[in-house]
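Below is one structure, written out as structure tokens, with a few remarks after it.
The values are calculated or read from the model by the stated rules, or taken from the named source; none is laboratory data. Computed from a predicted model, the values in this text were never measured in an experiment. Methodologically, a virtual Cβ is constructed for each residue, glycine included, from the backbone with ideal geometry; neighbour enumeration extends over all protein chains shown. What goes into the accessible areas is simple: the full protein's heavy atoms, side chains included, and nothing from ligands, DNA or RNA. Shrake-Rupley method; radii C 1.70, N 1.55, O 1.52, S 1.80 Å.
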Amino acid sequence: MESIRSIYKIGNGPSSSHTMAPKRATQMFAERTKDIDQLASYRVTLYGALAATGKGHMTDVAILDVLSPIAPSEIVWEPGVVHEFHTNGMLFEALDAQGHQLDEWTVYSIGGGSLANKDFDESRSEQIYPHHYLMDILSYCQSEHINFWEYVERYENEDIWDHLHEVWEVMKDAVERGLETEGVLPGGLNLRRKAGEYYIRSKGYRSNVSTRGLIYAYALAVSEENAAGHIVCTAPTCGSSGVLPAVLYHLQTSREFPERMIIRALATAGLIGNIVRTNASISGAEVGCQGEVGVACSMAAAAANQLFGGSLNQIEYAAEMGLEHHLGLTCDPVCGLVQIPCIERNAYAAARALDSNVYSTFSDGFHRVNFDQVVDVMRQTGHDLPSLYKETSTGGLAITYQSRK
């Protein structure tokens, strides 16, 4: 299994698969073609789910921001063409003045900001962990008398802690910016930001309800920042980037957990997300939102349980519940924007992560269905979902909303 760095990528929202990865792919192709003397223009063809919801996800903006300063550029949208390798396909072409092809490159955005094609796969980089399944890791940790975060420390490079500190700073900044910013989100839905309002209202309630309000506010803050195209950190994706920061920010500010414990919780959460990425998918275009918000909930539940002193079995149970109870969750964004139902869904998943933590804490950590089995079910469920429920905006809420306008 690869480094947990792949789970935590820092960049502009609103989508790791539709914005971050296409922008990086564009930069790679621009660098590849910079010395072609006859270069007159670029053409980029987007396929499948990437084309179906690319405009709402600012894919065209991300691409043109890179190419337009170099040469005139055209984007071709082909939502009906789905490549076998992955639905999020991109064909980059460098053209001369007569429109003849000088160079071409096909690459795919495979989720979480990673790229792949027949020649390389960023989700399958250097193998640094000897285990690929959580139950194997759990058994190893028990035999070695170490925790999950210590397992991460044992196999990652020393600078992993510097990376996680940077991740945490980005997450905190996104929460705090989102709480302070008002106005309407871009994209045409005229959706007003709500994080600040939820934060203020939470102060008017007693502790239990106030806690829920704060969790909602923090998750909304990050998700709204993401929807606005601002800097966030994938956890495991941009569309689900509000869940883990909300839980950890709330626990640090309300329970005064020291920074080192938060960073260790991030390590465990990254391990959980990495296992899913390795054995299934974190791409909404491939398995639906269960692979994004469901995995984010699982990561946050595990992190919270570790912070509260959960055993290895209790942490695994919390992670299992966080994902199990999102099985089958579809990805059907209204107008292709990462706004409805995505923003609200992050808030609910953050609260559900804390519920999973509490439920597991009341148990002894032993249960019938383990995390790895749920990951396998999630993968199969995602493959069985029709494409209209996998980030194409051709079914579900996306269609219902349009039909009632």
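Tell me the helices (runs of 4 or more DSSP H) entirely within region 258-335 that contain at least 1 residues that are open to solvent by less than 10 Å² (accessible area, probe 1.4 Å) and of a type in the set (Asp, Glu).
Filter on region 258-335 gives 312-324.
Sort out which residues of region 163-186 are closer than 21 Å to TYR198 by Cα and either open to solvent by 30 Å² or more (accessible area, probe 1.4 Å) or assigned to a loop (DSSP other than H, G, I, E, B) (or both), and write them in order of number.
LYS172, ASP173, GLU176, ARG177, LEU179, GLU180, THR181, GLU182, GLY183, VAL184, LEU185, PRO186
Kindly evaluate SER356 against the criterion of being within 30 Å of ARG255 (Cα to Cα) and open to solvent by less than 30 Å² (accessible area, probe 1.4 Å).
So SER356 fits the description; yes.
Inside region 1-116, counting only strands (runs of 3 or more DSSP E) that do not spill past its ends, which hold 2 or more residues that are over 22 Å from the mean Cα position of the chain (by Cα) and free of Cβ contacts under 8 Å to residues at least 24 places away in the same chain?
Strands (runs of 3 or more DSSP E) meeting the threshold: 101-111.
Residues of region 112-143 being in contact with a helix residue (DSSP H, G or I) (Cβ under 8 Å, 6 or more places away or on another chain) and open to solvent by 30 Å² or more (accessible area, probe 1.4 Å), which ones?
GLU122, SER125, ILE128, PRO130, HIS131, HIS132, TYR133, MET135, TYR140, GLN142
Go through (1) of a type outside the set (D, E, K, R); (2) assigned to a helix (DSSP H, G or I); (3) open to solvent by less than 20 Å² (accessible area, probe 1.4 Å) one by one and return the number of the condition THR237 breaks.
The number of the failed condition is (2).
With the requirement that a residue be open to solvent by 30 Å² or more (accessible area, probe 1.4 Å), closer than 18 Å to SER15 by Cβ and not hydroxyl-bearing (Ser, Thr, Tyr), what does region 389-400 give you?
Residue satisfying the conditions is LEU397 alone.
If you go through region 195-234, how many residues are farther than 17 Å from PRO14 by Cα, of a type outside the set (Gly, Ala, Ser) and outside any helix (DSSP H, G or I)?
Looking only at that region, the number is 3.
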